[in-house]
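Worksheet: one structure, shown below.
Only the coordinates and a few stated rules stand behind these numbers; no lab work does. None of these values were measured; they are calculated from a predicted model. So basically every Cβ, Gly included, is an ideal-geometry build from the backbone, and we count neighbours across all protein chains shown.
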Amino acid sequence: MNYLILNQLGTPETYSPKSVGKYLAEFLMDANVIPIRRPLRDLIVKVGIVPLRSAKSAKKYESVWTEGGSPLMVNTIKLQKKLQDLLGHDWKVIVGMRYSTPSMQQALDQITTSDPNDRIYFMPLYPHYAQATVYSSVERLEQLNKNAQRKISIIEPFYDKAWYNKAQSQIIKDRLQPKQHLLLSYHGLPISQEVHAGISYQKQCLETSKMIQNELGLKDDQISSAFQSRVGLKKWLSPSTEDTMQALAAKGIKHLAVACPSFVADCLETIEEIGMELNENFIHAGGESFELIPCLNDHDLLIEGILTEGRP
C-alpha cells in the first residue's frame with residue numbers, strides 16, 4: 001500500500017463563533033504565523049484577536065457555507081476522491097489539515113504500512129513557499145513523525161512547474177473575456193515574513209504572474225498582480241488587492257476578472273473576500289462587471305500534476 005497525504009491549511013468545523021474561534025486560536029498560536037514569543041503571543045491571540053474576530057469571521061464563513069461544509073473542505077474532499085479513484089486500490093489518498101480536522105495526526109494514524117517498499121508522499125497544497133504555509137506544515141509533519149520515523153517524501157512547492165502554470169492558465173483562459181482586465185490576487189504576508197530560508201514569496205508569486213501572462217499572451221496593461229487578506233498594523237506586501245482594484249477603476253477599467261493562483265481550492269478568502277467584497281467594491285467604484293475565476297479545485301489538469309508529482 002502506498003499513501004498520498006494532501007495537506008491544506010484547515011477550516012472551522014462549523015460557522016459558529018465558538019468553532020471559528022477555536023480554529024483561529026489554533027492557527028494564530030502557530031509561531032510560524034505570528035512569530036512572537038509566548039506568553040505575549042497568548043495575550044495577543046487569546047485575549048485580543050480571537051475574542052474580537054470570532055463573531056465577525058463566523059458571519060463571513062456562514063455566507064459561504066455549503067450543505068457539505070466549508071468550501072475548502074468540500075473542494076479538498078472532491079480532489080481526494082477523484083485522486084483515489086484514479087490511483088486505485090494500491091494507494092490510499094488522505095486529507096490532513098494543518099489546523100482543525102481531519103488533523104495531520106489523524107492522517108498519519110491511517111498509515112499502517114510496515115513494508116519498506118511502500119511509499120508515503122506528503123503534498124502541501126500551497127503552490128508557493130512561505131514560512132506560514134509550507135514550512136509550518138512540514139515542520140509539524142516532522143514533529144509528528146519523530147517517533148515513528150517513517151520515510152516520507154515531501155512534494156515541494158509547484159509554482160514553477162509547467163503543469164501548474166498550464167492548469168492555471170487554462171482555467172483562466174476558459175473564463176476570461178476580451179474586454180476584461182485580469183487581476184491576479186495572491187494571499188499576502190507581512191513584509192517581515194516575505195523572505196524565509198532565503199526564499200522570496202513575492203518573487204515566486206510574480207514569477208507565476210509572468211508565466212500566466214506569457215501563456216495567455218496578455219499585454220502589460222491587460223494584467224495586474226496584487227496581494228490580499230491584509231490585517232493588523234504591520235506593513236504587508238504591496239500593492240494590496242483592494243488598492244489595485246480601486247486604481248484600475250479610476251483608470252476606467254469597467255470589466256474585471258480576478259483569479260487567485262496562490263489558492264488551490266476555493267475558500268473563504270476567494271469566495272467571500274474576492275467574489276463578494278471586492279466585487280461589491282468594484283461595482284461601487286464604477287465597474288460594470290466582475291468575475292471571480294475559480295481555483296483549480298479538482299480540475300483534471302491539477303489531478304494530472306499531482307499524479308506526476310506524487311507517483312513516480
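Under 10 Å, Cα contacts only: if you run a Gaussian network model on the chain, which one of THR112, THR133, THR14 comes out with the highest mean-square fluctuation?
Comparing THR112, THR133, THR14 in the GNM, the peak value goes to THR112.
Compute the angle between helix 17-28 and the longest alpha-carbon principal axis of the chain, please, reported from 0 to 90 degrees and rounded to the nearest 10.
On a 0 to 90 degree scale, this one is about 80.
Report, in debye and to the nearest 20, how large the dipole of the chain comes out about its Cα centre when Lys and Arg carry +1 and Asp and Glu carry -1 on their Cβ.
Dipole magnitude for the chain comes out near 740 debye.
Would you mind counting up the charge near ARG230? Only other residues with Cβ under 10 Å from its Cβ, with Lys and Arg at +1 and Asp and Glu at -1.
Its environment carries a net charge of 0.
Please state the charge dipole magnitude for segment 162-292, taken about the Cα centre, from unit charges on C-beta atoms (+1 on K and R, -1 on D and E), reported in debye and rounded to the nearest 20.
400 debye
In straight Cα distance, which lysines are under 24 Å from LYS146, not counting same-chain residues fewer than 8 positions off?
Within the straight-line cut-off, LYS146 pairs with LYS92.
Which of these, ARG175, ARG38, ARG53, has the largest mean-square fluctuation under a Gaussian network model of the chain (Cα springs below 10 Å)?
Checking each option, the largest mean-square fluctuation is seen for ARG38.
How large is ³J(HN,Hα), in whole Hz, for each residue of segment 84-95 in order, when computed from phi with the Karplus curve 6.51 cos²θ - 1.76 cosθ + 1.60 and θ = phi - 60°, using x for Gly and Pro?
4, 4, 6, 7, x, 6, 7, 10, 10, 9, 10, 9
To the nearest 20 debye, what charge dipole does segment 229-312 have about its Cα centre, counting +1 at the Cβ of each Lys and Arg and -1 at the Cβ of each Asp and Glu?
Magnitude of the dipole: close to 460 debye.
Once you've got the Cα coordinates, tell me which of LYS60/LYS203; LYS60/LYS235; LYS78/LYS166 are over 28 Å apart. Walk me through the numbers before you get to the answer.
On the way: LYS60/LYS203 30 Å; LYS60/LYS235 24 Å; LYS78/LYS166 21 Å.
Long pairs (Cα-Cα over 28 Å): LYS60/LYS203.
Could you pull out every residue, at least 5 positions away or on a different chain, whose amide H is within less than 5 Å of the one on TRP236? Hs are placed 1.01 Å off N in the peptide plane, and Pro or chain starts have none.
ILE191
Provide the net charge surrounding ASP118, with neighbours chosen by a C-beta distance below 12 Å and charges set as Lys +1, Arg +1, Asp -1, Glu -1.
Net charge in that neighbourhood comes out at +2.
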